[in-house]
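S.K.: Before I ask anything, here is the structure I am working with.
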Ligand code: TRP
């Protein structure tokens, strides 16, 4: 089948960065670092990102470009007759669930965009700003309306096709978002509590670190790089033949981590300046930064721009989620692009509604002591993405021909891939062993750190 592709190498890179950079960096990363105790977690997280996340990112791109199909079908093509496409199926379910709860947070960013346009933060105390957040997210209707708006836009863009949609939004939104976050980070550094914030984020104090931290770090490295759900497989399948996959993957990881770190600096400096709790949880970014904007020259505009860009960054990520699901609908279920995008989008909205309601009192579903929202957040990153990625790399490392991988990474011998030996060693041994150890430790099976 003729497949749509990206128009340029830069466009493909920006779309992949657009998928990777999103609420994961600005909303989820700081809150996960905060609830897991700060610097020690960061150190573990970065190591996992380099030694596990990056090799898996490269692998997904390789699978996609080799098979030139969506995640489920790619596995069928590369391993005909084998049942390994089960990981593809876990992926499809995970991306569907993620799309559901992620759109809720994306909806919050729209509400906050309006709040900043109508200037509701200036003059409010940190406590008032905190209450504003909880009363909004726990109300039954408003967050769901915003989620609907958000999903509607996502569906519309995915319906109109990948090159014209994803590429255009990403090319513009990511560089500008980067700039705004950078300015916020710099402003954060000059706040009174700046140094305490930096210390919390960067000083590795292992007395605050628990075994679950490993699993959270692993899960988040998959989440932030959009791994394990076949997104990078799908984007890999759209990549051009002369795309240098190794180099692109490295660039994607560097961009992603840089944005997360700067966002972390902006947020933790203000947490300590305004006496907020770093372990606040999913509300962290929404209760910290609104305190900072009024203190900046041009703060009004920065506040508006920040939430606008947060929404756009979320949009490039939800586009990528719905795009993978749509590709699955088209290639594996023979649906038209329109039907696939709309049908799947509407089903995801149901997940959104339940997630959003679970944060309030009206209709609150709890699973294992967690709200449905937190449950889906944890279940998808820490378990589903992890298991799907694990199956992927076992397949590539142990059941797939080494020469094929090398062939793909060198563009059939046209470019050098000097990292290949290291990559292959990681893929085959280091990554699977490390993942098993982390999962076992999180179940308390391995006791000593
Ligand atoms: N990586 C995105 C972020 O950091 C979120 C995201 C997009 C994602 N696609 C994904 C997460 C696929 C997991 C799987 O915001």
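S.K.: Could you grab the pairs with beta carbons closer than 7 Å, sequence gap of 6+ or different chains, first residue in the range 378-400 and under 15 Å from residue 96 (Cα atoms), second one in a helix (DSSP H, G or I) and away from the ligand (no atom under 13 Å from the Cβ)?
M.R.: 388/87
S.K.: Out of the range 120-135, which residues are assigned to a helix (DSSP H, G or I), more than 15 Å from residue 358 (Cβ to Cβ) and either in contact (Cβ under 8 Å) with a residue 12 or more places away in the chain or touching a helix residue (DSSP H, G or I) at 6+ places or on another chain (Cβ under 8 Å) (or both)?
M.R.: Hits for the range 120-135 are 126, 129, 130, 132, 133.
S.K.: Another question, then. Of the conditions (1) over 21 Å from residue 312 (Cβ atoms); (2) surrounded by 24 or more Cβ atoms within 10 Å (Cβ to Cβ), residue 108 clears all except one; give me its number.
M.R.: (1)
S.K.: Quick check: is even one residue across the range 81-93 assigned to a helix (DSSP H, G or I) and more than 20 Å from the chain's Cα centre (by Cα)? Steps first, answer last, please.
M.R.: Let us first name the residues in the range 81-93 that are assigned to a helix (DSSP H, G or I), namely 86-93.
Retained after the next criterion (residues that are more than 20 Å from the chain's Cα centre (by Cα)): 86.
Yes, some residue in the range 81-93 is assigned to a helix (DSSP H, G or I) and more than 20 Å from the chain's Cα centre (by Cα).
S.K.: Another one. Hey, does the range 29-36 have a residue that's closer than 27 Å to residue 265 by Cα and over 19 Å from the mean Cα position of the chain (by Cα)? Give the steps one after another, and end with the answer.
M.R.: Looking only at the range 29-36, we keep the residues that are closer than 27 Å to residue 265 by Cα, and these are 29-36.
If we keep only those that are over 19 Å from the mean Cα position of the chain (by Cα) as well, we get none.
No - not one qualifying residue is present in the range 29-36.
S.K.: Select from the range 154-171 the residues that are free of Cβ contacts under 8 Å to residues at least 24 places away in the same chain and assigned to a helix (DSSP H, G or I) and write down the one among them that is nearest to residue 296 (Cα to Cα). Talk me through it step by step, then tell me what you get.
M.R.: So in the range 154-171, the residues free of Cβ contacts under 8 Å to residues at least 24 places away in the same chain come out as 156, 160, 164, 168.
Those still in the list that are assigned to a helix (DSSP H, G or I) too: 156, 164, 168.
On the way: 156: 36, 164: 37, 168: 31 Å.
The extreme case among them is 168.
S.K.: For the range 261-282, enumerate the residues that are within 16 Å of the ligand (Cβ to nearest atom) and either surrounded by 24 or more Cβ atoms within 10 Å (Cβ to Cβ) or not in a helix (DSSP H, G or I) (or both).
M.R.: The first filter runs over the range 261-282 and keeps only residues within 16 Å of the ligand (Cβ to nearest atom), leaving 261-264, 267, 282.
Of everything in the range 261-282, those that are within 16 Å of the ligand (Cβ to nearest atom) and either surrounded by 24 or more Cβ atoms within 10 Å (Cβ to Cβ) or not in a helix (DSSP H, G or I) (or both) turn out to be 263, 264, 267, 282.
S.K.: Another question about this same structure. Looking at residue 191, is it touching a helix residue (DSSP H, G or I) at 6+ places or on another chain (Cβ under 9 Å), crowded, with 18+ Cβ neighbours inside 10 Å, part of a helix (DSSP H, G or I) and touching a residue at least 12 places away in the same chain (Cβ under 8 Å)? Lay out the reasoning, then the answer.
M.R.: Details: touching a helix residue (DSSP H, G or I) at 6+ places or on another chain (Cβ under 9 Å): yes; crowded, with 18+ Cβ neighbours inside 10 Å: yes; part of a helix (DSSP H, G or I): no; touching a residue at least 12 places away in the same chain (Cβ under 8 Å): yes.
Here the answer is no, as residue 191 does not meet what is asked.
S.K.: Oh, and also: Within the range 22-41, can you find the residues that are more than 16 Å from the ligand (Cβ to nearest atom) and not in a loop (DSSP other than H, G, I, E, B)? Reasoning before the result, please.
M.R.: Start the filter on the range 22-41 by keeping residues that are more than 16 Å from the ligand (Cβ to nearest atom), which leaves 34-41.
Within the range 22-41, 34, 35, 39, 40, 41 qualify.
S.K.: Would you mind finding the one in 151, 184, 198, 177 that is in a helix (DSSP H, G or I), surrounded by fewer than 20 Cβ atoms within 10 Å (Cβ to Cβ) and in contact (Cβ under 8 Å) with a residue 12 or more places away in the chain? Step through it out loud before you land on a result.
M.R.: Values: 151 fails: surrounded by fewer than 20 Cβ atoms within 10 Å (Cβ to Cβ); 184 fails: surrounded by fewer than 20 Cβ atoms within 10 Å (Cβ to Cβ); 177 fails: surrounded by fewer than 20 Cβ atoms within 10 Å (Cβ to Cβ).
Exactly one residue qualifies, and that residue is 198.
S.K.: Can you find, within the range 314-329, the residue that is modelled with the highest pLDDT among those that are near the ligand (Cβ under 10 Å from one of its atoms) and under 12 Å from residue 230 (Cβ atoms)?
M.R.: From the range 314-329, those near the ligand (Cβ under 10 Å from one of its atoms) are 314, 316-324; that's our starting set.
From what's left, under 12 Å from residue 230 (Cβ atoms): 320-321, 323-324.
Numbers: 320: 84, 321: 90, 323: 86, 324: 82.
Within the range 314-329, the match that is modelled with the highest pLDDT is 321.
S.K.: Taking the stated definitions as given, is residue 248 touching a residue at least 24 places away in the same chain (Cβ under 8 Å), more than 15 Å from the chain's Cα centre (by Cα) and surrounded by 24 or more Cβ atoms within 10 Å (Cβ to Cβ)?
M.R.: Numbers: touching a residue at least 24 places away in the same chain (Cβ under 8 Å): yes; more than 15 Å from the chain's Cα centre (by Cα): yes; surrounded by 24 or more Cβ atoms within 10 Å (Cβ to Cβ): no.
So residue 248 fails the test.
Let's see how each residue does on (1) in contact with a strand residue (DSSP E or B) (Cβ under 9 Å, 6 or more places away or on another chain); (2) assigned to a helix (DSSP H, G or I); (3) more than 16 Å from the ligand (Cβ to nearest atom); (4) free of Cβ contacts under 8 Å to residues at least 24 places away in the same chain:
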| position | (1), (2), (3), (4) |
| --- | --- |
| 204 | no, no, yes, no |
| 215 | no, yes, no, no |
| 218 | no, yes, no, no |
| 222 | no, yes, no, no |
| 229 | no, no, no, no |
| 243 | no, no, yes, no |
| 257 | no, yes, no, no |
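Each row is one residue, and each column tells you yes or no for (1) closer than 21 Å to residue 244 by Cα; (2) within 16 Å of the ligand (Cβ to nearest atom).
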position	(1), (2)
357	no, no
363	no, no
383	no, yes
391	no, yes
395	no, no
398	no, no
403	yes, no
424	yes, no
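The values are calculated or read from the model by the stated rules, or taken from the named source; none is laboratory data. These figures come from a predicted structure and were not determined experimentally. A quick note on method: Cβ atoms are made from the backbone with ideal geometry, for glycine too, and the neighbour counts reach across all protein chains shown.
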